[in-house]
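Below: the structure, in structure tokens.
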Amino acid sequence: MNESNPYNSPHSGLEASTGVEPLDTTGDGTGGLIPYKNPAALGAYYLGIVGLFPVIGIFASIPAFVLGIMGLRRRAQNPAVKGSVHAWIGIVLGFLATLMNLSCIGTIVFGFVS
């Protein structure tokens, strides 16, 4: 690097003026598809899928909804953490699976009562 030219820097913008190193944005072995730095979003995604199983899915669908919200909050706090799509899928599937499972349980209970 040429010391006489202050604009010749390996960093650009804010990193050059503050001396703060940029975040590692090169990705990982998964190609950035699996948000391993946001376990709440990842858990919401998987629990949302498991929640689609009738009746027993109620134990997975409610935590999927809650973890999805936690994953979105973590993403909002630190934009370098990925996983907003996984969190949204967990929220939507958790909500829909909860409704489906409650209706299945209600149908079963109604069938036994009548």
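Just so you know, all these numbers are worked out from the coordinates, no wet-lab data involved. Because the structure is a prediction, the values reported are computed rather than measured. No Cβ is skipped: glycine too gets one built from the backbone with ideal geometry, and neighbour counts run over all protein chains shown.
Each row is one residue, and each column tells you yes or no for (1) touching a Phe, Trp or Tyr at 6+ places or on another chain (Cβ under 7 Å); (2) closer than 15 Å to residue 35 by Cβ; (3) part of a helix (DSSP H, G or I).
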{"position": "53", "(1), (2), (3)": "no, no, no"}
{"position": "67", "(1), (2), (3)": "no, yes, yes"}
{"position": "75", "(1), (2), (3)": "no, yes, yes"}
{"position": "92", "(1), (2), (3)": "no, no, yes"}
{"position": "99", "(1), (2), (3)": "no, no, yes"}
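Could you run through region 62-77 and say how many residues are in contact with a helix residue (DSSP H, G or I) (Cβ under 9 Å, 6 or more places away or on another chain) and farther than 15 Å from residue 88 by Cβ? The total comes to 2. If you go through region 32-91 and pick out every residue that is touching a residue at least 40 places away in the same chain (Cβ under 8 Å), farther than 26 Å from residue 102 by Cβ and among the small types (Gly, Ala, Ser), you end up with 4. Candidates 103, 84: the one that is of a type in the set (Ser, Thr, Tyr), under 9 Å from the mean Cα position of the chain (by Cα), surrounded by 11 or more Cβ atoms within 10 Å (Cβ to Cβ) and closer than 19 Å to residue 48 by Cα is 84.
The single condition among (1) touching a Gly at 6+ places or on another chain (Cβ under 7 Å); (2) among the aromatic types (Phe, Trp, Tyr); (3) surrounded by fewer than 22 Cβ atoms within 10 Å (Cβ to Cβ) that residue 45 does not satisfy is (3).
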